[in-house]
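The values are calculated or read from the model by the stated rules, or taken from the named source; none is laboratory data. Note that the structure is predicted; figures quoted are calculated from it, not measured. Backbone-built Cβ (ideal geometry, glycine too); neighbour counts: all protein chains shown.
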Amino acid sequence: MTAPAVYDNSVRIGYARVSTRTQDHQAQLDALGAAHCREVVVETASTRGERPKLLAAMDMLKPGDTLVIYKPDRVAHSMKELLVLLEDQLHARGICWNMVRASCRRDGCPPIA
């Protein structure tokens, strides 16, 4: 008998960001769509500035849910900033994360099928 999945009621929220209005979100949107995200939050903002839509996406997530991003530089300017986001802001709240382009996720979190 197979044990029930821990994440049966979890939600995947995708986050797509480009730095300027001349850039295109499409590659990120395609990848996040293939990752079966229920919703994708789209933002045009520099990593050095405020990212209110990233904060809004994180506010939507509940324990067991997953934030799906295209690659690390879409959410952080530096490795330190990335680690603070992933560990202190997401993992501490019981939220999983998954990076589709980097093919990595938090241990114990469900893979993207």
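A compact table of results
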quantity	calculated
Scope the range 61-84; condition of a type outside the set (D, E, K, R), closer than 14 Å to Ile13 by Cβ and modelled with pLDDT under 90; matching residues	Val75
Among the residues listed as Leu67, Leu82, the single one being in contact with a helix residue (DSSP H, G or I) (Cβ under 8 Å, 6 or more places away or on another chain), part of a helix (DSSP H, G or I) and within 21 Å of Gln28 (Cα to Cα)	Leu82
Arg48 being at pLDDT below 95, outside any strand (DSSP E or B), of a type in the set (Lys, Arg) and farther than 23 Å from Val84 by Cα	no
Residues within the range 1-44 that are of a type in the set (A, V, I, L, M, F, W, C) and either modelled with pLDDT under 85 or part of a loop (DSSP other than H, G, I, E, B) (or both), tallied	7
